[in-house]
Amino acid sequence: QSALTQPPSASGSPGQSVTISCTGTSSDVGGYNSVSWYQQHPGKAPKLMIYEVSKRPSGVPNRFSGSKSGNTASLTVSGLQAEDEADYFCSSYAGSSNYVFGTGTKVTVL
Amino acid sequence: QVQLQESGPGLVKPSGTLSLTCAVSGGSISSSNWWSWIRQPPGKGLEWIGEIFHSESTNFTNYNPSLKSRVTISVDKSKNQLSLKLSSVTVADTAVYYCARGTHLAFDYWGQGTLVTVSS
């Protein structure tokens, strides 16, 4: 199956909000409430930020929120901080015990 | 706190077999979790390779259809670790390989990753 589509880049000033989209199909994003989001700083392993579309693991700031409409999921980072500058990847369960990741979005804090 | 640590050769020859292990600490490989391998070519996105669930009686595995013919994931319960074997490798298999714990159809704990380069 194909990777989920994300914009290559997004940016915002400190304190502002940025929203990243993740577009798939009815066979993955649209078919399951199992979208997750990962933050990855350079040279580091990905970190789980959102699971099951909108749930935050313990320790993740509530500035991070997720949503989904149809075949598109979104991650919003509110009150941008310098440490939020990173790559962000979405992922979705794709049925038949298979997972697909997004193409990734580089978030820049201006 | 669960910790995962990948290890294995950093260089594999084309047509050879890539073999990696992932040591799990702070938790049991036999817990009610799936354990996955995920890779990331340099400068590119993530690709799920496959997963394993270890129970007392048997193991269950699922693989990415695009890699299924070349992948084997297994568990060594005595060492609390999982392993990955990828056969017939090409330069396209050059990537950082991660192991990760699965939960709620997501991946909550990741190893630091290990770079494997396929080159002659």
Within the range B:58-86, considering residues that are under 25 Å from A:Phe89 (Cβ atoms) and β-branched (Val, Ile, Thr), the one most open to solvent (accessible area, probe 1.4 Å): B:Thr61
Residue check, B:Val89 of a type outside the set (Gly, Ala, Ser), surrounded by 17 or more Cβ atoms within 10 Å (Cβ to Cβ) and in a loop (DSSP other than H, G, I, E, B): yes
Cross-chain or 6+ apart pairs with Cβ under 7 Å, the range A:24-36 first and within 13 Å of chain B (Cβ to nearest Cβ), then assigned to a loop (DSSP other than H, G, I, E, B) and of a type in the set (Asp, Glu): A:Asn33/A:Glu52; A:Ser34/A:Glu52
Residue in the range B:31-43 that is farthest from the chain's Cα centre (by Cα), counting only those that are part of a loop (DSSP other than H, G, I, E, B) and in contact (Cβ under 8 Å) with a residue 12 or more places away in the chain: B:Pro42
Every residue from the range A:77-97 that is open to solvent by 10 Å² or more (accessible area, probe 1.4 Å) and not in a strand (DSSP E or B): A:Ser78, A:Gly79, A:Gln81, A:Ala82, A:Glu83, A:Glu85, A:Ala94, A:Ser96, A:Ser97
Number of positions in the range B:36-86 that are more than 23 Å from B:Ser25 (Cβ to Cβ), small (Gly, Ala, Ser) and away from chain A (no Cβ under 14 Å): 2
Some residue of the range B:95-116 being more than 11 Å from chain A (Cβ to nearest Cβ), outside any strand (DSSP E or B), more than 25 Å from B:Gly26 (Cβ to Cβ) and touching a strand residue (DSSP E or B) at 6+ places or on another chain (Cβ under 7 Å): no
Residue among A:Pro8, A:Pro42 that is exposed (fewer than 14 other Cβ atoms within 10 Å of the Cβ), under 15 Å from A:Gly104 (Cβ atoms) and within 14 Å of the chain's Cα centre (by Cα): A:Pro8
Count - residues of the range A:99-110 that are among the polar types (S, T, N, Q) and either buried (at least 20 other Cβ atoms within 10 Å of the Cβ) or outside any loop (DSSP other than H, G, I, E, B) (or both): 2
Residue within the range B:8-20 that is within 16 Å of the chain's Cα centre (by Cα) and under 23 Å from B:Leu105 (Cα atoms) present: no
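Rundown of residues vs (1) under 11 Å from the mean Cα position of the chain (by Cα); (2) farther than 18 Å from A:Gly102 by Cβ; (3) open to solvent by 40 Å² or more (accessible area, probe 1.4 Å), yes/no style:
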| residue | (1), (2), (3) |
| --- | --- |
| A:Ala3 | no, no, yes |
| A:Gln16 | no, yes, yes |
| A:Thr19 | yes, no, yes |
| A:Thr23 | yes, no, yes |
| A:Asn33 | no, no, yes |
| A:Glu52 | no, no, yes |
| A:Arg56 | no, yes, yes |
| A:Phe64 | yes, no, no |
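The values are calculated or read from the model by the stated rules, or taken from the named source; none is laboratory data. The shown structure was predicted, so the numbers you read here are calculated from the model rather than taken from an experiment. Neighbour counts run over all protein chains shown; Cβ positions are idealised from the backbone, glycine included. Ligands, DNA and RNA are stripped out before the accessible areas are found, and what is left, the full protein with its side chains, is counted by its heavy atoms. Shrake-Rupley method; radii C 1.70, N 1.55, O 1.52, S 1.80 Å.
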